[in-house]
Structure formats: structure tokens, C-alpha cells
Amino acid sequence: MFKLRGHHLFCLLGYRGMGYSEEYVENMTRLHRTLRENPKIKIQLVKGPDQLCEKYPNSGIYHCQDDNIYERDAAILEKLGLTIGQIVVWEDIELRIRRFIVPSDIQRVCESCSWRSYGVCEEGIQEILDGKGLREVK
């Protein structure tokens with residue numbers, strides 16, 4: 001079972017093998033690949049730093065504890081109808097994305113995210129809506 005915070009559910013959709021450090025990318029790629037290959041894996045939704053935050057580089061400012069990040073987590077969980085502490089399988093998260101999310105939600109919910117300008121999260125949501133699942137990352 002993986003422990004993930006709210007906004008990382010969207011980050012996984014847009015993930016294309018880029019990240020904050022080599023260690024972070026390796027961790028994210030491993031988790032992403034596992035979810036893609038085994039969509040029945042369980043996810044426990046947590047408040048605050050999760051298994052991806054564990055590999056965030058120690059470069060001074062630790063954004064994983066930033067108030068804006070907590071607000072983004074809460075907004076995404078609310079849109080998906082999920083709560084902290086809940087355990088769901090990844091395929092149920094994809095189902096909720098298909099039911100409750102549209103690509104343009106990224107512009108509002110993730111407005112302050114530095115990765116938003118790449119447009120990959122909207123693409124990831126569209127691929128879920130099209131029934132393609134998570135994009136393969138090599």
C-alpha cells in the first residue's frame with residue numbers, strides 16, 4: 001500500500017519522468033510504474049508529507065509543508081469525493097477522475113504549481129478520460 005497526499009494524485013497523471021532530483025525521479029517513476037501496472041494497488045490518503053515527499057531534496061525550503069500545498073491537497077480530495085485516512089485502489093481514483101474532473105480543473109486547483117505551465121497534467125487527465133490510464137514513463 002502506498003501513502004499519498006491529495007495533490008500527488010494529480011501529479012501522477014502528468015508525470016513524465018521529470019522531478020526535483022535524481023532520487024525524487026527514481027522514487028516517483030517506481031511508484032508511477034507500479035500504479036500503471038497494478039491499478040488494484042491500495043492507496044491510503046494522508047494529510048501532509050507522503051512517500052513522494054520523502055525524496056524531496058533538502059535544498060532549503062521544504063515546500064511539502066507549505067500552506068498552499070495543504071490547500072491544494074484538500075481541494076483535490078474534495079473534487080474527487082475522498083477523505084484523509086481513506087484507503088482506495090488506484091483504479092477507483094481513475095474512475096473518480098473520469099466522473100468528477102476535467103482538464104481545465106488544473107488551471108484553478110493547481111494555479112500556483114510550478115509544473116502547471118508544462119501542460120502535462122491536463123494531458124494526463126484527458127488520457128484518463130479517454131480510458132488510457134497512466135502514460136508509460138521510461
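The values are calculated or read from the model by the stated rules, or taken from the named source; none is laboratory data. A quick note: this is a predicted structure, and the numbers were derived from the prediction, not measured. Here the Cβ positions follow ideal geometry from the backbone for every residue, glycine too, while neighbour counts run over all protein chains shown.
Residue check, G6 against (1) more than 21 Å from G133 (Cβ to Cβ); (2) in contact with a strand residue (DSSP E or B) (Cβ under 8 Å, 6 or more places away or on another chain); (3) not aliphatic (A, V, I, L, M), all met but one. Which one?
Among (1) more than 21 Å from G133 (Cβ to Cβ); (2) in contact with a strand residue (DSSP E or B) (Cβ under 8 Å, 6 or more places away or on another chain); (3) not aliphatic (A, V, I, L, M), G6 violates only (1).
Out of everything in the stretch 93-138 that is free of Cβ contacts under 8 Å to residues at least 40 places away in the same chain and either in contact with a Gly (Cβ under 7 Å, 6 or more places away or on another chain) or crowded, with 16+ Cβ neighbours inside 10 Å (or both), what residue ends up being nearest to L35 (Cα to Cα)?
So, considering only residues that are free of Cβ contacts under 8 Å to residues at least 40 places away in the same chain and either in contact with a Gly (Cβ under 7 Å, 6 or more places away or on another chain) or crowded, with 16+ Cβ neighbours inside 10 Å (or both), the one nearest to L35 (Cα to Cα) is R96.
Pick out the one residue from P57, P39 that is over 14 Å from F10 (Cβ atoms), surrounded by 12 or more Cβ atoms within 10 Å (Cβ to Cβ) and touching a Gly at 6+ places or on another chain (Cβ under 8 Å).
One residue alone meets the criteria, P39.
All but one of (1) surrounded by fewer than 17 Cβ atoms within 10 Å (Cβ to Cβ); (2) among the small types (G, A, S); (3) at pLDDT below 90 hold for G19; which doesn't?
G19 satisfies every listed condition except (1).
I'd like the full set of residues that are under 13 Å from the mean Cα position of the chain (by Cα) and either in a helix (DSSP H, G or I) or among the polar types (S, T, N, Q) (or both), limited to the stretch 111-127.
Across the stretch 111-127, the qualifying residues are R116, V120, C121, E122, G124, I125.
For the stretch 1-110, please list each of the strands (runs of 3 or more DSSP E) lying entirely inside it that holds at least 1 residues being touching a Lys or Arg at 6+ places or on another chain (Cβ under 8 Å) and of a type outside the set (A, V, I, L, M, F, W, C).
Strands (runs of 3 or more DSSP E) meeting the threshold: 42-45.
Suppose we keep only residues that are modelled with pLDDT under 95 and among the small types (G, A, S) within the stretch 50-79. Which one would you say is farthest from Y20 (Cα to Cα)?
G60
Filter the stretch 51-92 for residues that are basic (K, R) and touching a residue at least 60 places away in the same chain (Cβ under 8 Å) and give the result.
Within the stretch 51-92, R72 is the sole residue that qualifies.
Which pairs do you get when a residue that is hydroxyl-bearing (S, T, Y), found in the stretch 34-45, comes within reach of a residue that is modelled with pLDDT of 95 or more and part of a helix (DSSP H, G or I), reach meaning Cβ atoms under 9 angstrom, with the pair 6+ apart or on two chains?
T34/W90
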